[in-house]
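Trainee: Attaching a single structure in structure tokens format; questions to follow.
The values are calculated or read from the model by the stated rules, or taken from the named source; none is laboratory data. All values derive from a computational prediction rather than experimental measurement. No Cβ is skipped: glycine too gets one built from the backbone with ideal geometry, and neighbour counts run over all protein chains shown. Keep in mind that these areas ignore ligands, DNA and RNA; they rest on the heavy atoms of the full protein, side chains included. Shrake-Rupley method; radii C 1.70, N 1.55, O 1.52, S 1.80 Å.
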Amino acid sequence: MALQTKLAASSIYNRVLRQLPGELSMAFAYGSGVFEQKGQEDRSRNMLDFIVAVDNPLAWHKENIKQNSKHYSFLKFMGPRFTAHFQEQYGAGVYFNTLVPFENRLIKYGVISTYRLITDLLDWDTLYVSGRLHKPVLMIQEPETYELTAAIQTNLNSAVHTALLILPDVFTEEQLFHTISNLSYSGDFRMIIGEDKKKVENIVKPNMERFRQMYESILDSQEHLHWNKSQGNFEQYLSRVSQFHHLNLLPKTLLMRLVSHHNRDGRNRDTEEVIRSLAYGGNCSENVSSGVSSIVQKSSILQSSKTILTAGLLKSVRYGFSKLMKMYKSTQNT
């Protein structure tokens, strides 16, 4: 499961949540303001990123617009019903308020409905929040239902099965966790312009132990995989049987992308035929990678376009500029 850390009630993370309406089904913090990243000397200067899940987005936004009107862009004048509809129906189902001053920090928080979160965790329909949960996060409020807890675990299992289909027969722990972390960035147009080119490496290298804690029980249970923990490497048994096994356990949306790609010649193969063809016919790694990228590309474009409206033009320019500066600094350090 995603990394769990007990927090003091007085921590800044809990103080942030106390400024927001209650009725949360889950809340976590993530990113360079929370965890060490390579090349980041002072985390306290970075923005704190949060995701909160709510059962009723309309009721939540109605209360939050009353409490924290300044967090919102001009969209608040459209009313909470429009805000909730805009959250649910466009992009990845997340509504972000960004560059919000809090004490001596800046915060950004995204709101997602519990239903959309569970769907993304199980099916990877956008790989947006589910992709963030492939990496270590700071759980501030743990999932309140078994359904949500189980969906988080399924998401981690899906990440492992997908990564093993992409990786060769021999690889290191770092290569595995890099591949898993990269799933939600592959195909993201922001990785071309707007993001640190070494973003995934910077996440993985300083947090290897956290990744091991997250994935150890899943990796130990893989029957087609041998993990030499003392040397920090893996050997998987690449065969038709193992690939068929992993393909059968991929999330629904990724399987649909594989079927669609396989049927681009006009034929109408079903999911079982496509899985068998990929397992027995080769090019499995390339096809899976392409399928993941196609999910991320669409959701990243739609969500980024949406964020321009939820943040407002001025904040969007400031946020985009800060991202470009990070990318520039990364290129100077190469």
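Trainee: Find all pairs meeting these conditions: Cβ atoms under 6 angstrom apart; at least six residues apart or on different chains; first residue within the range 165-176 and at negative phi; second residue in a loop (DSSP other than H, G, I, E, B) and among the aliphatic types (A, V, I, L, M).
Mentor: Close Cβ pairs (under 6 Å, with a partner that is in a loop (DSSP other than H, G, I, E, B) and among the aliphatic types (A, V, I, L, M)) amount to ASP169/LEU238.
Trainee: Spot the failing condition for LEU247; the list is (1) in contact with a helix residue (DSSP H, G or I) (Cβ under 6 Å, 6 or more places away or on another chain); (2) in a loop (DSSP other than H, G, I, E, B), and only one is missed.
Mentor: (2)
Trainee: Take the residues of the range 191-242 that are among the basic types (Lys, Arg) and either open to solvent by less than 30 Å² (accessible area, probe 1.4 Å) or outside any helix (DSSP H, G or I) (or both): which is modelled with the highest pLDDT?
Mentor: Within the range 191-242, the first condition is being among the basic types (Lys, Arg), and the residues that meet it are 197-199, 205, 210, 212, 229, 240.
Keeping just the survivors that are either open to solvent by less than 30 Å² (accessible area, probe 1.4 Å) or outside any helix (DSSP H, G or I) (or both) gives 197-198, 229.
Numbers: LYS197: 69, LYS198: 81, LYS229: 96.
Restricting to residues being among the basic types (Lys, Arg) and either open to solvent by less than 30 Å² (accessible area, probe 1.4 Å) or outside any helix (DSSP H, G or I) (or both), the top hit is LYS229.
Trainee: Please go through the range 112-158 and pick out each residue that is open to solvent by 30 Å² or more (accessible area, probe 1.4 Å) and either assigned to a loop (DSSP other than H, G, I, E, B) or touching a Pro at 6+ places or on another chain (Cβ under 7 Å) (or both).
Mentor: LEU122, ASP123, ASP125, GLU142, GLU144, THR145, THR149
Trainee: Shifting gears a bit: Please go through (1) among the aliphatic types (A, V, I, L, M); (2) within 21 Å of GLY131 (Cβ to Cβ); (3) open to solvent by 70 Å² or more (accessible area, probe 1.4 Å) for LEU254 and return the number of the only condition it doesn't satisfy.
Mentor: (3)
Trainee: So, in the range 256-272, of the ones that are of a type in the set (D, E, K, R) and under 30 Å from the mean Cα position of the chain (by Cα), which residue ends up nearest to VAL292 (Cα to Cα)? It would help to see each step written out before you state the result.
Mentor: Taking the range 256-272 first, the residues of a type in the set (D, E, K, R) are 257, 264-265, 267, 269-270, 272.
Restricting the remaining residues to those that are under 30 Å from the mean Cα position of the chain (by Cα) gives 257, 264, 270, 272.
Numbers: ARG257: 8, ARG264: 17, ASP270: 19, GLU272: 19 Å.
The residue in question is ARG257.
Trainee: Hey, any hits in the range 69-91 for a residue that's in contact with a strand residue (DSSP E or B) (Cβ under 8 Å, 6 or more places away or on another chain), assigned to a strand (DSSP E or B) and under 27 Å from LYS135 (Cα atoms)?
Mentor: no
To keep it simple, each residue is scored yes or no on (1) open to solvent by 40 Å² or more (accessible area, probe 1.4 Å); (2) modelled with pLDDT of 90 or more; (3) assigned to a helix (DSSP H, G or I); (4) closer than 19 Å to GLY91 by Cα.
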residue	(1), (2), (3), (4)
ARG264	yes, no, no, no
GLU272	yes, yes, yes, no
GLU286	yes, yes, yes, no
SER290	yes, yes, yes, no
SER294	no, yes, yes, yes
LEU314	yes, no, yes, no
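Trainee: Sticking with this one: Going by the conditions given, is LYS108 closer than 26 Å to PHE211 by Cβ, of a type in the set (Lys, Arg) and surrounded by 16 or more Cβ atoms within 10 Å (Cβ to Cβ)? Break it down into steps so the answer makes sense when it comes.
Mentor: Values: closer than 26 Å to PHE211 by Cβ: yes; of a type in the set (Lys, Arg): yes; surrounded by 16 or more Cβ atoms within 10 Å (Cβ to Cβ): yes.
Taking the combined requirement at face value, the residue satisfies it.
Trainee: Let me ask something else. Just to be sure I understand, how many residues within the range 94-128 are more than 19 Å from ILE140 (Cβ to Cβ) and β-branched (Val, Ile, Thr)?
Mentor: Number satisfying all stated conditions: 2.
Trainee: Report, by residue number, each residue of the range 27-39 that is in contact with an Asp or Glu (Cβ under 7 Å, 6 or more places away or on another chain), open to solvent by less than 10 Å² (accessible area, probe 1.4 Å) and closer than 29 Å to LEU58 by Cβ.
Mentor: ALA29
Trainee: Ok, one more. Restricting attention to the range 163-190, and to residues there that are in a helix (DSSP H, G or I) and under 26 Å from ALA27 (Cα atoms), which single residue is modelled with the lowest pLDDT? Before the answer, list the steps.
Mentor: First pass over the range 163-190, keeping only residues in a helix (DSSP H, G or I): 163-166, 173-182, 189-190.
Subset that is under 26 Å from ALA27 (Cα atoms): 177-182, 190.
On the way: PHE177: 98, HIS178: 97, THR179: 98, ILE180: 98, SER181: 96, ASN182: 95, ARG190: 61.
Per the criteria, the residue is ARG190.
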